[in-house]
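Student: The structure's right below; bear with me while I get my questions together.
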Amino acid sequence: MRAALIEAPGKVTLTTVPDPTPGPREVVVDVAACGLCGTDLHILQGEFAPTLPIVPGHEFAGEVVGLGSEVSELALGDRVAVDPSLYCYECRYCRSGHNNLCDRWAAIGVTVSGGAAEYAVAPVANCVRLPDHVSVADAALIEPLSCAVRGYDVLGSRLAAQVLIYGSGTMGLMMLELAKRTGAAAVDVVDVNPERLATARQLGCSRAAAGAEELDRPQGWDVVIDATGNAAAIQDGIGRVAKAGTFLQFGVSDYATTATIEPYKIYNQEITITGSMAVLHSYERAAELFATGVLDPEVFISHRLPLERYPQAMEQFRSGQGRKIVVEP
Ligand SMILES: [Zn+2]
Ligand SMILES: [Zn+2]
């Protein structure tokens with residue numbers, strides 16, 4: 001089959017690899033669409049993935065075309081979205097419900113072959129069947145949405161919160177859509193890219209600006225979410241949390257990124273600084289939420305490219321153009 005392959009840091013190509021065969025409790029998925037995200041860029045930079053080469057792609061959905069010998073829950077032709085998370089279920093974190101922090105954390109498309117290929121293998125336990133009205137290609141958005149749902153699990157729902165989101169790329173916009181549904185009093189969005197800000201306005205943010213200083217809220221925001229991973233944005237955001245408020249590190253920074261905190265302020269104003277890593281018990285809920293139309297795929301997916309153009313798609317993603325780019329093998 002045809003597959004994208006990250007061979008070495010900085011080197012991604014299109015190649016031919018053997019068709020996958022499913023284990024007893026696995027299925028083969030004919031990939032309809034696979035999204036690209038910042039994690040793929042990190043893998044291309046030589047971070048995250050312990051071993052290269054790897055077929056990337058952890059945001060995908062497709063049709064079941066092969067069944068392991070002990071699979072009875074799914075049938076050939078079923079349309080499924082795939083939670084990429086692979087946990088050991090044995091370590092201290094798995095045994096205490098923090099599976100996303102698993103000591104042996106692994107994921108389809110990060111540590112084992114992923115969805116940027118004609119076919120991908122997934123455990124039956126990771127597959128969520130899609131209702132008929134959901135486009136299987138659009139369902140590539142469920143994985144990033146499940147990360148956003150996890151982010152709100154960490155935050156806890158806060159009715160009438162003042163929310164500030166840094167970054168209006170795909171993840172920032174998903175956080176915006178969910179903030180509206182958690183009953184936020186206001187959701188402000190900052191981004192230095194005017195084109196991206198326009199989309200945040202289109203999706204109904206309260207205010208949009210190139211920087212938070214333009215928004216004139218000296219008391220700060222109850223919830224500040226970084227969806228950039230950018231050091232300057234993070235530093236600015238930590239300083240704009242209101243008393244008793246929470247800062248959520250949701251964007252993925254480079255390993256070397258640092259920010260400073262003011263311990264007295266954290267003490268005196270009871271500020272919480274927390275993070276949200278990938279998916280935890282949130283994939284199935286994200287799939288159900290997605291089926292209600294929480295995201296407009298025509299807004300969120302800006303480019304649909306053939307698999308053959310995966311290297312160019314990565315380049316385009318790196319340049320910051322557009323929103324979610326998917327390849328359709
Ligand atoms: Zn992703
Ligand atoms: Zn574990």
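FYI, it's all coordinate maths here, none of it is from the lab. None of these values were measured; they are calculated from a predicted model. Ideal geometry is used to build each Cβ from the backbone, glycine not excepted, and the neighbour counts take in all protein chains shown.
Student: Calculate log10 I(q)/I(0) of the chain for q = 0.07, 0.11 Å⁻¹, where I(q) comes from the Debye formula with a single equal point scatterer on each Cα and nothing for solvent.
Tutor: Reported log10 I(q)/I(0), two decimals: -0.28, -0.69.
Student: What is the sum of charges around residue 162, taking Lys and Arg as +1, Asp and Glu as -1, for the other residues whose C-beta is under 14 Å from the C-beta of residue 162?
Tutor: Taking every other residue near residue 162 into account, the sum is +3.
Student: Sticking with this structure for a sec: Please give me the summed charge of the neighbours of residue 124: other residues whose Cβ is under 12 Å from its Cβ, Lys and Arg +1, Asp and Glu -1.
Tutor: That sum, taken over residues with Cβ under 12 Å, equals -3.
Student: Is region 1-124 rounded, prolate or oblate when judged by the Cα gyration tensor, a ≥ b ≥ c being the square roots of its eigenvalues, rounded requiring a/c under 1.5 and prolate requiring a/b larger than b/c?
Tutor: Note, shape of region 1-124 comes out oblate.
Student: Here is a follow-up. Over region 250-329, what number does the Rg to Rh ratio reach, with both radii from the alpha-carbon atoms and Rh per Kirkwood?
Tutor: 1.11
Student: Run the helix sum for the chain: -39,500 (n - 2.57) per DSSP H stretch of 4+ residues, divided by residue count, reported at 222 nm to the nearest 500 deg cm²/dmol.
Tutor: -7000 deg cm²/dmol, from helical runs alone.
Student: How are the Cα pair distances of region 36-80 distributed, in percent, across 10 Å bins from 0?
Tutor: Bin by bin from 0 Å, the calculated values are 23, 32, 26, 18.
Student: Using all alpha carbons of region 106-148, what is the percent of pairwise distances in each 10 Å bin, ordered from the shortest bin to the longest?
Tutor: Percent of Cα pairs in each bin: 21, 59, 20, 1.
Student: How many angstrom lie between the Cα centre of region 212-245 and the Cα centre of region 1-58?
Tutor: 35 Å
Student: For the chain, the longest stretch holding no chymotrypsin sites (Phe, Trp or Tyr not before Pro) located in a DSSP loop with at most 14 other Cβ atoms within 10 Å is which? Show your work: numbers first, answer last.
Tutor: Details: sites that count: 89, 255.
Excluding the exposed sites themselves, the longest stretch runs over 90-254.
Student: Hey, which lysines would be in cross-link range of residue 180, C-alpha to C-alpha under 30 Å, not counting anything within fewer than 8 residues on its own chain?
Tutor: Qualifying lysines at Cα under 30 Å: 243, 265, 324.
Student: Leaving out same-chain residues fewer than 8 places away, which lysines sit with a Cα under 18 Å from that of residue 11?
Tutor: none
Student: Next question. Tell me the net charge near residue 222. Cut-off is 14 Å between Cβ atoms, residue 222 excluded, with +1 for each Lys or Arg and -1 for each Asp or Glu.
Tutor: Working: positive: 158, 217, 240, 243; negative: 188, 270.
Local net charge: +2.
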